[in-house]
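Novice: One structure is given below, represented as structure tokens, and several questions about it will come after.
Here, each number is a calculation from the coordinates, and none is a lab measurement. Since this is a predicted model, take the numbers as computed values, not measurements. As a convention, Cβ positions derive from the backbone with ideal geometry for all residues, glycine included, and neighbour counts pool all protein chains shown.
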Amino acid sequence: MKKYLTKDDLLDVYIKGKQRGFDFILSKFQLKGSKRTVSAFNESAKSSANWWDIPYVRERWNKKISGNATKDHNSFLVEDILKGQKNLCVLSLGSGESTHEMKLAKSSIFKNITCLDLSDYRMTEARKTADSRGIKNMEFICANIYEHDFGATKYDYVLFNASLHHFDEIKSFIPQKIIPILKENGGLIMNEYVGATRLQFDKEQIKAVNKALKIVPKKYKKRFKTKLYKNNFSGSGVWRMIMADPSECVDSKMIMPTLHQYFNTQIEKPYGGNILANALKDIAHHFYELNDEKKQVLDELFAFEDEYLKNSDSDFVFGVYQLKK
């Protein structure tokens with residue numbers, strides 16, 4: 001059942017104002033949805049406490065994806081999955097500042113990596129970074145995929161790194177927009193949120209997140225750049241989701257069934273996030289640097305999520321897929 005407004009929605013307005021400035025809040029009152037989407041990824045996005053910025057969390061992902069805490073999904077992709085291939089042409093959609101793509105571009109297996117994103121700010125920053133690093137096998141396009149003409153260009157792989165969940169009508173988007181720009185033996189690579197659409201988590205998941213929050217000592221519950229403590233999680237309402245970023249998780253629940261319909265699975269690695277993403281939102285900054293106590297808290301949260309995942313599909317998945325013939 002959809003929730004249109006929650007307690008967390010009201011809190012989030014205040015918290016985002018403190019973290020990212022109230023100009024950011026005002027940007028959400030633009031009538032055009034695409035402008036609200038772009039504003040979600042402006043420079044102020046760096047002023048947030050994100051669970052994915054916790055090094056120990058990233059080590060957990062690495063173990064679940066590559067089996068090695070020090071090998072991330074990019075290295076795993078190049079060294080294990082695409083090993084032996086060469087002259088690959090890749091299109092990354094919604095690439096943002098393209099940090100992941102720049103890591104991939106270092107490998108000789110890629111002839112060219114094209115990055116396309118709706119945010120002019122992020123494409124400009126990405127281009128500057130690539131130029132400063134002397135990266136020659138990348139190009140950057142600020143455009144809307146629904147309007148961009150690829151002409152006769154075909155790609156070996158289309159890459160989505162935390163971007164596929166921003167596309168609507170996945171059942172038609174994949175066959176109509178992605179498959180036509182792939183080569184005959186082309187594929188899709190993703191590192192994605194594939195959980196509940198519009199973050200409309202069921203009661204059991206919300207209950208589990210609140211139970212997990214009890215593991216965290218009060219001193220680590222103070223929300224980033226505020227005097228507020230995170231003692232409860234009620235989830236997101238649909239209205240806030242649409243106001244904040246109308247593209248956020250707009251049809252995420254359809255990602256996995258659609259990929260399985262049109263692609264064969266080469267590798268698929270679920271790595272959780274159902275509990276951690278929600279429990280650590282706004283308090284992740286406490287865990288960027290660890291002591292023994294903080295490490296123990298995270299270990300307990302990890303164990304709690306692993307137990308939860310025994311009976312639930314993972315909210316985040318890394319996968320490589322090949323077109324069905």
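Novice: Applying 1/(1 + (r/R0)^6) with R0 = 56 Å to the Cβ-Cβ distance of residue 85 and residue 292, what FRET efficiency is obtained, to the nearest 0.05?
Specialist: My answer for the efficiency is 0.80.
Novice: Rg to Rh for region 41-154: what is it, with Cα atoms only and Rh by Kirkwood?
Specialist: Over the Cα atoms of region 41-154, Rg/Rh equals 0.99.
Novice: Here's another thing I want to ask about it. Hey, if you put +1 on the Cβ of every Lys and Arg and -1 on every Asp and Glu Cβ in the chain, which of 110, 62, 319 ends up farthest toward the positive end of that dipole?
Specialist: Ranked along the dipole, the leading option is 62.
Novice: What full-extension length gain, to one decimal in nm, is calculated for residue 229 and residue 322 as 0.36 nm per residue of separation minus the Cα-Cα distance?
Specialist: Net length gain for the segment: 28.9 nm.
Novice: Moving to a separate point now. State to the nearest 20 debye the size of the charge dipole of region 207-279 about its Cα centre, where the only charges are +1 on K and R beta carbons and -1 on D and E beta carbons.
Specialist: Rounded to the nearest 20 debye, it is 940 debye.
Novice: Report, in deg cm²/dmol and to the nearest 500, the calculated mean residue ellipticity at 222 nm for the chain, where each DSSP H run with n ≥ 4 adds -39500 (n - 2.57) and the sum is divided by the residue count.
Specialist: My calculation for the chain gives -9500 deg cm²/dmol from helical runs alone.
Novice: Could you work out the longest stretch of the chain that avoids the GluC sites (Glu not before Pro) located in DSSP loops with at most 15 other Cβ atoms within 10 Å?
Specialist: So the longest stretch without any such site is 1-146.
Novice: When Rg is the radius of gyration of the Cα atoms in region 109-261 and Rh is its Kirkwood radius, what does Rg/Rh come to?
Specialist: 1.05
Novice: Run through every distinct alpha carbon pair of the chain and return the Kirkwood hydrodynamic radius in angstroms, one decimal place.
Specialist: So the Kirkwood estimate lands at 20.7 Å.
Novice: Give me the net charge for the shell around residue 175: Cβ to Cβ below 12 angstrom, other residues only, Lys and Arg +1, Asp and Glu -1.
Specialist: +2
Novice: Oh, and also: Quick one: 3J(HN,Hα) in Hz for region 73-87, Karplus 6.51/-1.76/1.60 with θ = phi - 60°, rounded, Gly and Pro as x.
Specialist: Couplings: 5, 5, 5, 4, 4, 6, 7, 10, 7, 9, 3, x, 7, 8, 6 Hz.
Novice: Along the positive direction of the dipole of region 7-323 (beta-carbon charges: Lys, Arg +1; Asp, Glu -1; about the Cα centre), which of 145, 90, 238 reaches farthest?
Specialist: 238
Novice: Can I ask one more? Provide the gained length on full extension for the span residue 106 to residue 262, in nm with one decimal, where the gain is 0.36 nm per separating residue minus the Cα-Cα distance.
Specialist: Extending this stretch completely gives an extra 53.1 nm.
Novice: Can you tell me the dipole magnitude for region 7-323 around its Cα centre, using point charges on the Cβ only (Lys, Arg +1; Asp, Glu -1), in Debye to the nearest 20?
Specialist: Dipole size: approximately 900 debye.
Novice: What are the ³J(HN,Hα) couplings of region 238-245, residue after residue, when phi is run through the Karplus curve with 6.51, -1.76, 1.60 and θ = phi - 60°? Round to Hz, x for glycine and proline.
Specialist: Result, rounded to whole Hz: 4, 4, 5, 4, 5, 5, 5, 7.
Novice: Is the shape of region 227-296 rounded, prolate or oblate, going by the alpha carbon gyration tensor and its root eigenvalues a ≥ b ≥ c, with a/c under 1.5 for rounded and a/b larger than b/c for prolate?
Specialist: oblate
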